[in-house]
Amino acid sequence: MSFDENVDSLRERLRAVETQLSERNQHVARLEKAIREMEQRVKEASESQQPAADLSEMEEALKRMVVRVSMILQAGKCMFMVYDQNTDELFAEKPAQGLDDEQIKTHRVKLDGTLSGECFRNNKPTILYDAETDERAQKEGLAALGIKNGVCVPLEVIKRDEETNKVLDSKVIGVLHVFNKRYGNIFMDEDVQLLERLARNTAAIINTAETYRQVVKEKDELVGTIQSLTMGLVMVNKAGRIIQMNNSAMRALGITKGDLLGGRTYDQIIKDERLQEVFRNALGSEGEVSEEVSLPDPETPELARVFQVQTAPVGTESGESIGTAAILNDITEIKNVDKMKTAFVSTVSHELRTPLTSIKGFISTLLQDTDGFYDNETRLEFYNIIDTECDRLRRLIDDLLNVSRIEAGNAVSMNIGEVDVPDMVKKVITIQNGSTYKKPNHTIVADLSPDIPAPVQADQDKLEQIFHNLVGNALKYSPKGGQVTVHGRMMSPEVVQFGISDQGMGIPAEHLAKMGERFHRVDNRDTREIGGTGIGLFLVKAFVEQHGGKMWIESEVGKGSTFFFSLPVTHSDEPVEGGSLASKVAG
Ligand code: ADP
């Protein structure tokens, strides 16, 4: 080769080296620009405290971040992991690059012996050269995620003094991984330095995102708890806006989610004036207000429900008031029971006084008859009346005792024996034919299917009382007369079904579900004239359920009612829960 040729070749190589150098410089410049941009973003994010308006924006920012980190490090995959101090584990968090959501969701590792754990604990970066052979990577199951090599650096959040830039506090919150260097290369020390530099900035974003996620999660849990409360909860801020209202409160107040939109104040949304006043007072006084408020039942507006409304001021930790919270407790049932108890005491006193007055009257008459004015026959008639009234008193007292036993959760003892049903029904009809409620235009008939087994296993006295109470009521609540029928047929080979129907006043639909509750009476002009305690059906229901059966009612106001009950024909000695067996029988 001549000298000139040598010079040309050297020039050629120089030009090639210059081009390479310029390409390298451009690449470095691009990297530096990318880092500057990222640093700027991190700065903006940390300056604004609240880096994203919502979680999806936050996810987007993180997504952009992992894409950039992968790009800068020329990595096929990138993921970050966060430390969970409850379980002392590191877990991968979305978003990641080159790994799918399922892989991220399930990647959770202990600190001991794993690559991520070691990097986190030592607060030192580490290079993974071969995921197949590296024990730490094996323990973490990295190869199964398609990982060959990588770099792991700690994510350290550093708090600095704004003026002096001195480190005030630092905390390692997790690790940042890049995996699978592109073009078959492996990661080197320069990559580690670059990733460390990126991690310094990204740690702040991830930390903010984690805190944000935590806050959102806690808020969701709190809202979930508030929503699931059976009592209503309403929170109103100082400006009068409803900032929280759970489903129970919406139902009670007849408010839909749509009503809460549009930034209207509580007095534009809550229609009830008394309740508006409660909020006005609570917000005005910043104290606690407790009121009973009556609101129309959303399902049957003509009926009112009574709520105990209790408010309490809501403030921040620093004591600044932000509004008021009200709890709406539905006390309708308690009020009803209260009312029923009062009514019960007066009806029971009346029911007790009636036979006592009669007994006292006849005994006094007999005592005063010192000169034998009444003949033997009349005296016998008086003794019979006293005897009947004593029985009536005893029955009432027995009923009351049974109610209190059942209420106390003590099962009324059962005395199971063999019962001849047609015979029992005949006897009940005979006795009821002599009842004071039996009008001349009443007829009582039995309609029993011949396939009802003879005998049926039941408690003779209780079954008799069931029939007496139901037939007695059928007569009592059909004061204009009509036919009372005792039906009986097999529901299945094991269960017999009875129905006692009348052509009387019937029961309003809204009372049907409450029939059989203690002291529950339909209170209207018709029933008020007819005395009663409201414990007859309660006992019928309890006795039927004790037999493993179920009671139900069909009724139409002005047309009449049928009280049904089912009864298993055989009876095991196992203790049965009324309800569970009842539903089995009825089903
Ligand atoms: P009481 O008759 O002593 O009031 P019950 O427990 O036997 O108590 O009945 C409860 C209520 O159910 C009655 O007050 C009445 O309002 C209603 N009721 C019971 N049986 C009938 C019936 N056959 N027809 C219409 N209403 C009835």
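Just so you know, all these numbers are worked out from the coordinates, no wet-lab data involved. All values reported here derive from a predicted model rather than from experimental measurement. Don't worry about glycine lacking a Cβ; one is built from the backbone with ideal geometry, like all the others, and counts go over all protein chains shown.
Observations, loosely collected:
- Length added when fully stretched, ASP398-VAL337, from 0.36 nm per residue minus Cα-Cα: 19.8 nm
- With the simple spin-label model, which puts each label point 7 Å out from Cα in the Cβ direction, the THR388 to ASN441 separation comes to 2.4 nm.
- Degrees, to the nearest 10: 332-368 long Cα axis against longest axis of the chain: 20
- The calculated FRET efficiency for the pair SER56 and ARG197, based on their C-beta separation and a Förster distance of 35 Å, comes to about 0.80.
- Rounded to 10°, Cα long-axis angle of helix 376-407 versus longest principal axis of the chain: 10
- In terms of surrounding Cβ atoms within a 10 Å radius of their Cβ, GLU273, GLU389, GLU140 rank from fewest to most as GLU273, GLU389, GLU140.
- On the beta carbon distance between TYR183 and LYS63, with R0 = 30 Å, the FRET formula returns roughly 0.80.
- For region 230-330, the convex hull drawn through the C-alpha positions has a volume of 92 cubic angstrom per residue.
- Taking Cβ separations below 4.7 Å as the criterion for a possible disulfide partner, the isolated cysteines in the chain are CYS78, CYS390.
- Largest to smallest principal axis extent of the C-alpha atoms in region 335-407, angstrom: 56, 20, 13
- Subtracting the Cα-Cα distance of GLN85 and GLU277 from 0.36 nm times their residue separation leaves 64.4 nm of extension gain.
- Descending by average beta-carbon neighbour count within 10 Å, the peptides 533-541, 557-565 line up as 533-541, 557-565, the highest first.
- Cα shape, region 395-554, gyration tensor, a/c 1.5 rule: oblate
- Extension gain, GLU18 to LEU260, is 80.2 nm, computed as 0.36 nm per intervening residue step minus the present C-alpha separation.
- Sites THR230 and THR357, calculated FRET efficiency, Cβ-Cβ separation with R0 51 Å, nearest 0.05: 0.60
- At q = 0.15 Å⁻¹, base-10 log of I(q)/I(0) for region 346-454 (Debye sum, equal scatterers on each alpha carbon): -0.98
- Dipole magnitude of the chain, debye to nearest 20 (Cβ charges: Lys/Arg +1, Asp/Glu -1, about Cα centre): 820
- Averaging over all projection directions, the Cα-based convex hull of the chain occupies 49.8 nm² in the image plane.
- Highest-first packing order for the peptide set 258-266, 142-150 is 142-150, 258-266, based on the mean count of other beta carbon atoms within 10 Å.
- The label point for LEU10 and the one for THR316, both projected 7 Å from the Cα toward the Cβ, are 7.5 nm apart.
- Region 306-342-region 477-540 distance, computed between alpha-carbon centres (Å): 37
- Farthest toward the positive end of the dipole of region 265-392, out of PHE382, SER364, ASN336, is the Cα of SER364, where the dipole comes from beta carbon charges about the Cα centre.
- Sequence-ordered 3J(HN,Hα) estimates for region 480-492 from the Karplus curve with 6.51, -1.76 and 1.60 and θ = phi - 60° stand at 8, x, x, 8, 10, 10, 9, 8, x, 8, 7, 7, 7 Hz, glycine and proline given as x.
- With a cut-off of 14 Å between beta carbons, the residues surrounding THR388 carry a summed charge of -1, where Lys and Arg count +1 and Asp and Glu -1.
- Cα-projected label distance for GLU162 with SER364, points at 7 Å along beta-carbon direction, nm: 9.6
- Zone residues, region 522-540, relative to LEU448, backbone N less than 20 Å from point 7 Å out along Cα-to-Cβ: 540
- Residues in region 162-178 carry Karplus couplings, in order, of 4, 7, 8, 6, 6, 6, 8, 7, 8, 8, 8, 9, x, 9, 10, 10, 10 Hz; the curve used is 6.51 cos²θ - 1.76 cosθ + 1.60 with θ = phi - 60°, and Gly or Pro positions show x.
- Value of [θ]222 nm, deg cm²/dmol, for the chain, DSSP H segments ≥ 4, -39500 (n - 2.57) each, nearest 500: -15500 deg cm²/dmol
- When the C-alpha to C-alpha distance is required to be over 28 Å, the pairs from LYS360/LYS427; LYS77/LYS166; LYS63/LYS110; LYS257/LYS514; LYS159/LYS217; LYS426/LYS559 that qualify are LYS360/LYS427; LYS77/LYS166; LYS257/LYS514.
- Nearest 10 degrees, 0 to 90: helix 460-476 Cα axis against the chain principal axis: 80
- Neighbourhood charge, 15 Å Cβ-Cβ cut-off, centred on ILE186 and excluding it, Lys, Arg +1 and Asp, Glu -1: -2
- Amide H partners (placed H, <5 Å) of ALA446, local residues excluded: VAL486
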